[in-house]
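Below is one structure; the comments refer to it alone.
The values are calculated or read from the model by the stated rules, or taken from the named source; none is laboratory data. Computed from a prediction, not measured in an experiment: that's the story for all the values here. Glycine also receives a Cβ, built like all others from the backbone with ideal geometry; neighbour counts cover every protein chain displayed. Accessible surface is based on the protein model in full, side chains and every heavy atom, while ligands, DNA and RNA are left aside. Shrake-Rupley method; radii C 1.70, N 1.55, O 1.52, S 1.80 Å.
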Amino acid sequence: MADGIAPTIRTFQVFPDLPAPLQPLLELARNLWWVWQPDAVELFRRLDRKLWEDVYHNPLKLLGVIAQSKLVAAADDDGFLAHMNRVHEAFKEYLAEKGWYYEKHADKSKLLVAYFSAEFGLHESLPIYSGGLGILAGDHLKSASELNVPLVGVGLLYRNGYFQQYLTADGWQQEAYPELDFYNLAIEPIKNPDGSTLYVRVDMPDNPVFCKVWRASVGRISLYLLDTNSQQNSPADREITSKLYGGGTETRIKQEIVLGIGGVRALAALNVAPTTFHMNEGHSAFLALERIRRRLEGNGLSFDEVRQEVMATNCFTTHTPVPAGIDTFSPDLVLKYFKSYIPSLRLDDEGFLALGREDVSNKKQGFSMALLAIRLADHINGVSKLHGEVSRKMWHNVWPGVPADEVPIQHITNGIHTRTWLSQDISYILDRYLSSEWMTNPSDNSVWEGIAQIPDEELWRAHERSRARMVSWARQTLREQLIHRGAAYDDVALADQVLDPEALTIGFARRFATYKRGTLLFRDMDRLRKLIEDSKHPIQFVFAGKAHPADHEGKDLIKQIVNFARDGAVRRRIVFIENYDMNVARHLVQGVDVWLNTPRRPYEASGTSGMKAAANGVLNCSVLDGWWVEGYQADLGWAIGRGESYSDPNYQDQVESQALYDLLEKEILPVFYHRGVDNTPREWIARMKNCMRRLAPVFNTNRMVSNYTEMFYIPAMDRGDLLAAEQLKRGIALAHAKDQMRHLWGNIKIVGVHTSGNGHFKVGDSMQVEAMIDLPGLNPNDLLVQLYAGPISAQGEIEQPQALNMSVGKSLAADRYLFVGKIDCHISGRQGFAIRVLPGNQDLATPFEPGLIVWN
């Protein structure tokens, strides 16, 4: 518009006007520590219980809109002030605690981890998450704070967050994207020393984009969030951080450039110098490129020379069990966005694109963000034991010739931040019968042994209160959703009658992707109806979950459930709750009796909702996939099937749906309704106690973060220091050693193998093995020659192999060496061995360097 026609808008900010005695409330509201402190939550709720619900549990917004008269009254209320001072003192004591990290690793005080994730689920009032990945990232930060692991988070601040789900009258999912009011959230813009707002620049093909940096405080952890919604940017670029997982492929690559490259630049602008970088999924993998680019500035080094130290200090966690779930971009799109960036890495276009290709010679292959992360990180893991196995097989081609079980991808099983997800009633029980270590050291198994001492009646009453609270909340929520949907008066009135607070209640809540099989329960409608219509042993189901906006199959699953629930014969027994988020999840995992999970194995990388349920004494009934492979025991839950594999999905659905009905009819319902004269289900309660006692200390993020710290973060820092010392002396030497090996590797040849004996040995004997190997141009001390030995299977393959190092015996001729080793015969039966040659440089992260392995 012409000057003078459009208004000039000048902005200003209004802050809550708190009476002096209430000032600590602002300090508490601005740190998300309160979200896992029931006493702090109750403090804010106490100001105005209805308004607390209206502002969706956002204390900053509550303080900004509450009537001034209520604040004045609270300031004169001795009881409220005592409550506030108690919470405030607990907060200050928490911040001052030494924590696990500095108690156990005081000599590693230099450590600083930068944890990058495309989403963070910290609380429903900050909806910049979509589901499990983000909630795990949020729980990771909370546990890092509790353990006092030196860590900062880096993510994006989405103006519209993830979509809010609502259903049409016929049950079809629709999406709404309300804007977040950043100035009423527990975040603050970062300022430069001169008081101006901090922006970092990233370059897109046509213009630079300026990213505003915000900070959220999560206990002792800072989370930095980048936001492109600035007047300095074009309207199109302001939309980059509008929606989480919104837009098309081009929006996604822009978001990932801002996250990875912009995130590294933001840390540099803040003078934050991490020793270790952790990529939570491949979305942030561009950070590795930016780290290399920054290392290359002002010197004459090559990409590979700098790469070694950067790889050493990068960690990558994959959460995806199928290649289709990985972000992959076309070569043309990648070059569009990186054409001007590539020269700063001292690579050509093909060298750059090869970093994201499985087959580096296939120029038509897409650019995979997971492969980029794998190729630029020395520490890689899946998120459960089974997912580690799946990932090693999925990425096996990156390490050709390496046995799948030796592919250098480890596993660290996911967990949950227990205190975020625990019901208040169960928390009170634990406070009463367990030591306070259950809060401060939840991964200590001995702490949870006290569960056995809780009287059955007391635990059951606590659980029944949680179920009754969930039923009351579900009725109110369903009523509001039906009104919003324009339902008939009679349908709205019936919302007050859904669910029975004393009936066996089964919960199913998760993303409605087709592989999660949200409608497996509905495969045999007659059998399901018979179950639901049994008035003697009533059973009821609560569903929740979102389908991706573009996933019409997932939306159809939701529609099927909603339409079935309209049937007059079952409508009181099946409820679908809209807009699944952390608030909905908390009510369900705390209030149901059984948590149902029916993924198509092995597509569930981990899953954490069942862990949240288990911490509350809710029993799991699940396919043996993800975490449940490790968690399942017959006396604390139920397994659907035995972990079988099927080639026919339809047949699999038939078999496993029948197995689910059998479990419900023959085991779950009978155990739940087996009551004594006091109406207490003691066998069920015994399972609840087993569930809490054995699973809670294992499947929590305090254990998980301590695993990452000791397995990845500290070793990455130490190895990075080693390679970086003396101006990257050892890193440069390692790059040259790898380059030399690649040039000469094709000349290695195992020319002869000789064994002692006649091929027949007794248990306790040893077989001597000698190998003649040609190594033109290579030093035998820089190589690792191994016997790969073990029992022989019916298919003629080595099972349960062990790798036994061979030593250099002597030089036989120019470039020909004799290596010697032995195999001890520990068990009888048919045995076998092979010989392999690997790189043996002491500075390698692993001897399994892609493409460098020779077998006899």
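Once you keep just the Cα pairs under 8 angstrom separated by 6 or more residues, what percentage relative contact order results for the range 334-416?
22 percent
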- Task: Kindly identify the chain as rounded, prolate or oblate by the Cα gyration tensor criterion: order the square roots of the eigenvalues as a ≥ b ≥ c, call it rounded if a/c is under 1.5, otherwise compare a/b with b/c, prolate if a/b is larger, else oblate.
- Result: oblate
- Could you give the size of the charge dipole of the range 367-428 about its Cα centre, using +1 on the Cβ of each K and R and -1 on the Cβ of each D and E, expressed in debye and rounded to the nearest 20? 100 debye
- Of all accessible surface on the chain at a 1.4 Å probe, what whole percent is carbon and sulfur? 48 percent
- For the range 484-569, rounded, prolate or oblate, judged on the Cα gyration tensor with a ≥ b ≥ c (square roots of eigenvalues), a/c < 1.5 rounded, else prolate if a/b > b/c? oblate
- Counted charge near Gln590, where neighbours are those whose Cβ lies closer than 9 Å (Asp, Glu -1; Lys, Arg +1): +3
- Query: Using a basic spin-label model with each label point 7 Å from the Cα along Cα→Cβ, how many nm lie between Gln497 and Ala20?
  - Reply: 5.9 nm
- Query: In straight Cα distance, which lysines are under 17 Å from Lys555, not counting same-chain residues fewer than 8 positions off?
  - Reply: Lys516, Lys546
- Backbone N under 20 Å from the Ala686 label point (7 Å along Cα→Cβ), restricted to the range 616-657: 617-621, 632-639
- Query: Toward the positive end of the charge dipole of the chain, about the Cα centre and with charges on Cβ (Lys, Arg +1; Asp, Glu -1), which of Val402, Tyr245, Tyr162 goes farthest?
  - Reply: Val402
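With runs of 4+ DSSP H residues as the only contributors, calculate the mean residue ellipticity of the chain at 222 nm using -39,500 (n - 2.57) per run, divided by the residue total and rounded to the nearest 500.
Only helices count here, giving -11000 deg cm²/dmol.
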- Pairwise centroid distance, computed over Cα atoms, of the range 245-299 with the range 63-80, Å: 44 Å
- Task: Determine which aspartates and glutamates satisfy two conditions relative to Lys363: a Cα distance under 14 Å, and not lying fewer than 8 residues away in the same chain.
- Result: Asp332, Asp348, Asp349, Glu350
- Which whole-Hz couplings ³J(HN,Hα) result when phi for each residue of the range 849-856 is put into the Karplus expression 6.51 cos²θ - 1.76 cosθ + 1.60, θ = phi - 60°, listed in order with x for Gly and Pro? 8, x, x, 10, 7, 10, 10, 7
- Task: Hey, for a label at Leu51 modelled as a point 7 Å past Cα toward Cβ, could you say which residues of the range 112-147 have their backbone N under 20 Å away?
- Result: 125-126
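Mind checking the per residue accessible area of the chain for me, 1.4 Å probe, whole number of Å²?
Accessible surface, normalised per residue, equals 41 Å².
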- Message: Give me the percent relative contact order of the range 733-856, please, defined on Cα pairs under 8 angstrom at least 6 residues apart.
- Response: 28 percent
- Query: Using the eigenvalues of the Cα gyration tensor, what equivalent ellipsoid semi-axes result for the range 391-508 when each is taken as the square root of five times the eigenvalue, whole Å, largest first?
  - Reply: 40, 29, 11
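Could you work out the mean projected area of the convex hull around the alpha carbons of the range 492-635, in square nanometres to one decimal? Before the final figure, lay out each step's value.
Working: hull surface 36.5 nm².
The directionally averaged projection comes out at 9.1 nm².
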- Item | Length released on extending from Tyr166 to Asn192, taking residue separation times 0.36 nm less the Cα-Cα span | 5.2 nm
- Item | Relative counts (whole %) of C-alpha pair distances in the range 395-459, using bins that are 10 Å wide | 17, 34, 15, 13, 16, 5
- Task: Normalising by the residue count of the range 562-672, find the relative contact order in percent from Cα pairs under 8 Å and 6+ residues apart.
- Result: 17 percent
- Ala834-Lys70 pseudo-label distance in nm [points 7 Å out on the Cα-to-Cβ vector]: 7.1 nm
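Is the range 1-134 best put as rounded, prolate or oblate by its Cα gyration tensor, with a ≥ b ≥ c the root eigenvalues, rounded for a/c under 1.5, and otherwise prolate when a/b is larger than b/c, oblate when not? Don't skip to the answer; put the middle values down first.
Values: a/c = 1.99, a/b = 1.15, b/c = 1.72.
It comes out oblate by the Cα gyration axes.
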- Roughly how many nanometres apart are two label points built 7 Å out from the Cα toward the Cβ at Arg816 and Ala659? 5.7 nm
- Task: Taking all pairs of distinct Cα atoms, average 1/r, flip it, and tell me the Kirkwood hydrodynamic radius of the range 302-428 in Å to one decimal place.
- Result: 16.5 Å
- Note on the structure: With the charge dipole of the chain built from beta-carbon charges (+1 for Lys and Arg, -1 for Asp and Glu) about the Cα centre, the Cα from Gly637, Phe316, Val152 projecting farthest to the positive end belongs to Phe316
- Between Ser766 and Ser302, 0.36 nm times their residue separation minus their Cα-Cα distance comes to what? 162.2 nm
- Message: Within the chain, which is the longest segment that contains none of the trypsin sites (Lys or Arg not before Pro) sitting in a DSSP loop with at most 13 other Cβ atoms within 10 Å?
- Response: 111-338
- Message: Checking the table Lys61/Lys243; Lys385/Lys612; Lys729/Lys822 against a 25 Å threshold on Cα-Cα, which pairs fail?
- Response: Lys729/Lys822
- With unit charges on the beta carbon (Lys/Arg positive, Asp/Glu negative), name the residue among Ser340, His826, Ala613 whose Cα is farthest towards the positive pole of the charge dipole of the chain. Ser340
